[in-house]
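A short worksheet on the structure shown next.
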Amino acid sequence: MSGIEGAVAVVTGAGSGVGRAVVLDLAEHGTRIAAADTDPDGLADTLRTLGERGHKAHAFHTDVSRPEQVEALFDEAETLLGPVDTVVGAAGVLATGPVADCPDDDWHRVLAVNATGVFALGRAAARRMGPRGRGALVTVASNAAGVPRSGMAAYAASKAAAVAFTKSLGLELAPRGVRCNVVSPGSTDTPMLRAMAPDPEALIAGDPEHFKIGIPLGRLGRVEDVAAAVRFLVSDAARHITMHELYVDGGAALR
């Protein structure tokens, strides 16, 4: 796909899961990477894997819920790598449980990372890519943003906010040639999923007691599936696509 080789990308959540898969995928296709996360050990593992594959990236310890750290991330990345033209927001946290039992701290933490973090990333990207008249941003959200999930109200609300924000940002930046899209995975085999569901394969069949349907394709998603969708949306192959939400969930949302 053209438009990827030689690009400069900021990827958050790069220390594990989907974020790490995006870093590995884009690097394999010639993108220069600024990999950001709050987990130094996870970042080190990501860079180690990249090195084993003959690639490298620059690591940044960044808390996306702190806008000043996001601004610093972009400044440092552009100093080291050049103008950023690709941004992937894959940082995310999860808290589960009934709304009646949800602690204030869980609500604020999930919204801070999953919603405020997307805002901070999008604003920093807009300030730089907008004036240059080029660029692509992808927010990794969740199909929970569009389908209610019992016991996941805070997470679903945060991801719905991320989707709405990204589409609104895309509308503002479209006249400047900057595209903003969303990839919404379903149940994907990541450390976050395994922490929530010790037997993730059971999710394939669904859970009628919690009003959760199964996965029509009969398999859990893999992080590589999500990374491939992200790569498409940031490439020139998607040059006429913006403000779009791409579900990567095996049909679980029945969309």
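Things to note:
- Residue match in the stretch 218-237 (condition: part of a strand (DSSP E or B), farther than 21 Å from ALA9 by Cβ, modelled with pLDDT under 95 and basic (Lys, Arg)): no
- Hits in the stretch 71-100 - residues which are in contact with a Gly (Cβ under 8 Å, 6 or more places away or on another chain) and either charged (D, E, K, R) or under 25 Å from HIS29 (Cβ atoms) (or both): VAL84, ASP85, THR86, VAL87, VAL88, GLY89, ALA90, ALA91, GLY92
- Evaluating ALA100 against the criteria (1) surrounded by fewer than 19 Cβ atoms within 10 Å (Cβ to Cβ); (2) touching a Phe, Trp or Tyr at 6+ places or on another chain (Cβ under 8 Å) leaves one unmet condition, (2).
- Among the residues of the stretch 1-32, those that are among the β-branched types (Val, Ile, Thr) and either within 21 Å of VAL182 (Cβ to Cβ) or more than 18 Å from the chain's Cα centre (by Cα) (or both) comprise ILE4, VAL10, VAL11, THR12, VAL18, VAL22, VAL23, THR31.
- Residues of the stretch 202-225 that turn out to be on the phi < 0 side of the Ramachandran plot and out of contact with any Gly (no Cβ under 9 Å at 6 or more places or on another chain), as a count: 5
- Looking across the stretch 119-143 at every residue that is buried (at least 24 other Cβ atoms within 10 Å of the Cβ) and assigned to a loop (DSSP other than H, G, I, E, B), the one that is nearest to the chain's Cα centre (by Cα) is identified as ALA141.
- Yes/no for SER168 being surrounded by fewer than 21 Cβ atoms within 10 Å (Cβ to Cβ), in contact (Cβ under 8 Å) with a residue 24 or more places away in the chain and among the polar types (S, T, N, Q): no
- Scanning the stretch 29-65 for residues that are surrounded by fewer than 14 Cβ atoms within 10 Å (Cβ to Cβ) and among the charged types (D, E, K, R) yields a count of 5.
This table checks each residue for (1) touching a residue at least 12 places away in the same chain (Cβ under 8 Å); (2) farther than 19 Å from ALA162 by Cα; (3) surrounded by 18 or more Cβ atoms within 10 Å (Cβ to Cβ).
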residue: PRO67; (1), (2), (3): yes, no, no
residue: GLU78; (1), (2), (3): yes, yes, no
residue: ASP85; (1), (2), (3): yes, yes, yes
residue: ALA95; (1), (2), (3): yes, no, yes
residue: VAL113; (1), (2), (3): yes, no, yes
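- Some residue of the stretch 175-186 being under 15 Å from ALA253 (Cβ atoms), crowded, with 17+ Cβ neighbours inside 10 Å and among the polar types (S, T, N, Q): yes
- If you go through the stretch 148-187 and keep only what is closer than 15 Å to VAL88 by Cβ and either assigned to a strand (DSSP E or B) or at pLDDT below 90 (or both), you end up with VAL178, ARG179, CYS180, ASN181, VAL182, VAL183, SER184, PRO185.
- The helices (runs of 4 or more DSSP H) found entirely in the stretch 1-104 that carry 1 or more residues being of a type in the set (Lys, Arg) and under 19 Å from ALA228 (Cβ atoms) are 17-28.
- Once the stretch 144-164 is narrowed to residues that are touching a Phe, Trp or Tyr at 6+ places or on another chain (Cβ under 7 Å) and buried (at least 22 other Cβ atoms within 10 Å of the Cβ), the residue that is farthest from ALA120 (Cα to Cα) is ALA144.
The values are calculated or read from the model by the stated rules, or taken from the named source; none is laboratory data. Only a predicted model underlies this, so the values are computations on that prediction, with no experimental measurement involved. Cβ coordinates were reconstructed from backbone atoms using ideal geometry, including for glycine residues, and neighbour counts include every protein chain displayed.
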